[in-house]
Amino acid sequence: MSVAPGVSRRPYFPERGNEGYWVEHYELSLDYRVGAGRLRASAVISAFASRSPSLPAFTLDLSSSLRVSGVLVDGEPARYTHRGDKLRITPARPLHEGTLFAVDVRYGGDPRPLTSRWGGLGWDRLTDGVIVAGQPTGAPSWFPCNDDPADKATYRVTVTTGSAYEVVANGRLADRRRAASTTTWVYEQPQPMATYLASVQIGRYQSAEVPGPVPQRLVHPARLASRVRADFARQPAMIALFSDLFGPYPFAGYTVVVTADDLEIPVEAQGMSIFGANHVDGRRGEERLIAHELAHQWFGNSLTLEDWRDIWLHEGFAAYAEWLWSQASGEETADALAARWHRRLAALPQDFTLADPGARRLFDDRVYKRGALTLHALRRAIGDEAFFALLREWTATYQHGGVTTERFTRLAARHAATSLDDLFAEWLHTERLPASLTHRTV
């Protein structure tokens, strides 16, 4: 991918991501002691060199709070420096363009969250366990990576920890081996995944399978069992609805983790969502959040933005899924919710464009709701049949891949009888909120 000289390909987080290669696979082996908070780990990264004619050196993103003890490239020792959350590696010989190479990094220490304007990101200790919340730039807190959402790869994650703890990671549980006092858990994620969606959850949990259209698992502290069962009882119906509206569920299964601690907000990961104890009350009080996080499996996890400017492609779609579930479950209609949120946004500052809101507004609720309103306006403009056909083609065409606003608007144009240029100009590229949800086409 090329850009104009002096223009960053990552305008929101220019310090993240690396040039000269694309990752194919991460093999992570973690040995973690919950009480001491100590990690011993290795990461074997398989990647393709993409720089012409060769790649003499390259960098990985890795928190400077972790200590690197050795690096091999294709089995040979490599020189390295580790400063400012960048691990710079110089292999014994340059890597020719198109070459598949393997990097083996041995590291360890006390993993801790990376600081950001949204608080700590990445690996964090709970009262008795671990949570990983990597969005948007927290992945380097626990493993060396190319922290660029456009560079999706497959994963195998092995975690060894005390046998009192349940471990959940992305993908399928491929193996579980118990030793004297520890258990080793092996998870495989065969569908490509962005680094920020990679996750490990450790806690004193129990696990229950949930019947439904796809395999589902609820993982939670024993004391919250009845609340969790009540609050997630309608999740199978959500999956059925969203599979009908958006296309087939994109992964082999779905796991929900509820921590013993309170969390500020739920956390999304690929094939997984994490809620705090405060998000379950036994009365479905936060059911819209359950719908929102589930919808991210299509919009965000299977279809992943290539540039953080396009965050509305994740959050606007997930917010709209809340409205669709509300109507399908007999609560407020999507029309009523859209009208209410249009009034609310009209009374708030209108100081960003949806297609490029700026890094500090990445998770501003106005971005979420204006994204949902954009979809509702589009639905009104082209009709229900064309709108949901568009969503199903969108998820099928870019399944497990990268998406951009331009790709969405181009595909939407194919489902419209008249031009959508003015609609998208007003909703995506103009700061002022359109006065109406009904767009007059010409």
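Coordinate-derived values only; no laboratory data. Because the structure is a prediction, the values reported are computed rather than measured. Virtual Cβ from ideal backbone geometry, glycine too; neighbours counted across all protein chains shown.
Points to keep in mind about this one:
- Within the chain, longest stretch clear of exposed trypsin sites (Lys or Arg not before Pro) (DSSP loop, no more than 13 other Cβ within 10 Å): 118-282
- Restricting attention to the range 205-297, close to 50% of DSSP beta bridges with both partner residues there are antiparallel.
- Seen from residue 325, the other residues with C-beta closer than 13 Å to its C-beta sum to a net charge of -4, counting Lys and Arg as +1 and Asp and Glu as -1.
- Only Lys, Arg, Asp and Glu carry charge here, each on its Cβ (+1 for the first two, -1 for the last two); on that basis the chain has a dipole of about 700 debye about its Cα centre.
- Kirkwood radius for the chain, taken over all pairs of different Cα atoms as the inverse mean of 1/r, rounds to 22.8 Å.
- One Cα centroid belongs to the range 146-210, the other to the range 41-102; the line between them spans 24 Å.
- Rule-of-thumb Rg ratio for the range 205-297 [Cα; 2.2 N^0.38 Å; N residues]: 0.98
- Estimated FRET transfer efficiency when R0 is 60 angstrom, pair residue 74-residue 344 (beta carbons, to 0.05): 0.60
- Rounded to the nearest 0.05, the FRET efficiency derived from the C-beta distance between residue 240 and residue 217 at R0 = 22 Å is 0.80.
- In this calculation the C-beta distance from residue 38 to residue 96 is compared with R0 = 35 Å, giving a FRET efficiency of 0.35.
- Sequence of 126, 224 once ranked by neighbouring C-beta atoms within 10 Å, starting from the fewest: 126, 224
- Theoretical ellipticity at 222 nm over the chain - DSSP helices of four or more residues, -39500 (n - 2.57) apiece, nearest 500: -7500 deg cm²/dmol
- The fewest-to-most ranking of 55, 173, 66 by surrounding Cβ atoms within 10 Å reads 173, 55, 66.
- Dipole magnitude of the range 1-204 about its Cα centre (Cβ charges: Lys, Arg +1; Asp, Glu -1), debye to nearest 20: 440
- Distance from the range 211-281 to the range 338-376 (C-alpha centre basis), Å: 26
- Antiparallel bridge percentage (DSSP; both residues within the range 1-204; nearest 5): 90
- The range 292-429: translational diffusion in µm²/s, Stokes-Einstein, Kirkwood Rh over Cα pairs, 20 °C, 1.002 mPa s: 142
- Note on residue 226 and residue 173: their simple-model spin labels are 2.6 nm apart, each label 7 Å out from Cα toward Cβ.
- A simple spin-label model places pseudo-atoms 7 Å from Cα toward Cβ; at residue 335 and residue 360 they are separated by 4.0 nm.
- Annotation: the antiparallel percentage among DSSP beta bridges lying fully within the chain is about 80.
- Three-way shape call for the range 246-365 based on the alpha-carbon gyration tensor, with the a/c threshold at 1.5: rounded
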